[in-house]
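Read through the structure below, which is laid out as structure tokens, and then see the notes.
The values are calculated or read from the model by the stated rules, or taken from the named source; none is laboratory data. A quick note: this is a predicted structure, and the numbers were derived from the prediction, not measured. So basically every Cβ, Gly included, is an ideal-geometry build from the backbone, and we count neighbours across all protein chains shown.
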Amino acid sequence: MERRKFIKNTALAGTLSALPLNQVFSKTNNMNIHRFNLKYAPHIGMFKHHAGDNVIDQLNFMADQGFTAFEDNEMRNRPIDEQEAMAKAMKERGLTMGVFVAHKIYWKEPNLASGKQEWRDEFLNYITSSVDIAKRVNAKWMTVVPGHVDLRQDIEYQTEHVIETLKQASKILEPHGIIMVLEPLNFRDHPGLFLTESPQAYQICKAVDSPSCKILFDIYHQQIQEGNLIPNIEKCWDEIAYFQIGDNPGRNEPTIGEINYTNIFKYIHSKGFNGVLGMEHGNSMPGKKGEERVINSYKKVDNFLL
């Protein structure tokens, strides 16, 4: 707000008129900043051709485009000083921190489904250490993927193993108000995983029965896995704490595939959702043109209130 008021000052406007056009734009682009209806969250690297490789510059660029959230799967692997610098930049620019991945994900081994104590203990240690990271970067959500199915056990036994582990993890998170969000992943990109569908995630969250165990509804994954998106979101609504985005096919920005994101975002907004929607997808075109296309696609699908 102060920057916009500052630019409105007549004397400053006169000074700006003498600057090269690219400098004027860099100082005045917040005057026409887009106001998104939902908290769409880009990730590091999405706008590097405009902002460069520096993570703080990328965060500032996101905020300059009107985005009000940010997510980073790799946050737990960043040095502490970088985490602190990013947290400071997000606070200054009004960016809500979205998810980071809370633990080592087992893509081929049945860690949580197996019921083995050593894998359970490892997971709980990751959750404990992730609390410090979440506090450092002001994160409320962290992603959890239960790993591969155990082909030697009935699915009901596996489900009970997962539920018990998540109950213990919830006890770690509840005092801090932090939420682990369970992400079902599709069979095509991630064959053999234990958690694949939203009804399954819903059943598990109901059984865990904790405010610290909810669903990450990834619209891209669930379009492939089950379709019927809005009805399934409606059925799972009271257990969904986070969304992620990607069009299909291709897992790139909205408007280039088969998913009607305007209708989906309109529905989510109508439900009063105030959380984060992570832009966990690629850019359909390379370079600056591709980045501009991503930004414009979100402006297009976000205009559902017009």
Self-check item: Enumeration of residues in region 278-290 that are at negative phi and more than 18 Å from the chain's Cα centre (by Cα)
Solution: S284, M285, P286, K288, K289, G290
Quiz item: Is there any pair linking a residue in region 51-70 that is under 12 Å from E92 (Cα atoms) to one that is of a type outside the set (S, T, Y) and part of a strand (DSSP E or B), with Cβ under 6 Å and at least six apart or on different chains, and which?
Solution: T68/K39
Quiz prompt | Which listed residue is assigned by TED's automatic domain parsing to the domain that holds V145 and either more than 22 Å from W141 (Cα to Cα) or over 18 Å from the mean Cα position of the chain (by Cα) (or both), from G250, G275, G246 | solution = G250
Practice problem: Please state which one of D154, D238, D218 is more than 21 Å from V276 (Cα to Cα) and among the charged types (D, E, K, R). | Solution: D154
Quiz prompt | Matching residues in region 271-299 - criterion: being part of a helix (DSSP H, G or I), without any contact (Cβ under 8 Å) to a residue 60 or more places away in the chain and of a type in the set (K, R) | solution = K289, R293
Quiz prompt | Some residue of region 69-91 being on the phi > 0 side of the Ramachandran plot and modelled with pLDDT of 95 or more | solution = no
Quiz item: Got a sec? Which of K108, K140, K135 is charged (D, E, K, R), closer than 30 Å to A63 by Cβ and in contact with a strand residue (DSSP E or B) (Cβ under 9 Å, 6 or more places away or on another chain)?
Solution: K140
Practice problem: Inspect region 189-210 for any residue being touching a Gly at 6+ places or on another chain (Cβ under 9 Å), part of a helix (DSSP H, G or I) and not basic (K, R) and give the result as yes or no. | Solution: no
Quiz item: Taking region 211-255, which residues are among the small types (G, A, S), more than 30 Å from P286 (Cα to Cα) and in a loop (DSSP other than H, G, I, E, B)?
Solution: S212
Practice problem: Please list, ordered by first then second residue, the pairs with beta carbon atoms under 7 Å, 6 or more apart or interchain, first in region 237-252 and in contact (Cβ under 8 Å) with a residue 12 or more places away in the chain, second aliphatic (A, V, I, L, M) and assigned to a loop (DSSP other than H, G, I, E, B). | Solution: Y242/V99; I245/M279; D247/I256; D247/I259; N248/I259; G250/I256
Quiz prompt | Out of A89, A169, sole residue that is buried (at least 17 other Cβ atoms within 10 Å of the Cβ), over 19 Å from the mean Cα position of the chain (by Cα) and part of a helix (DSSP H, G or I) | solution = A169
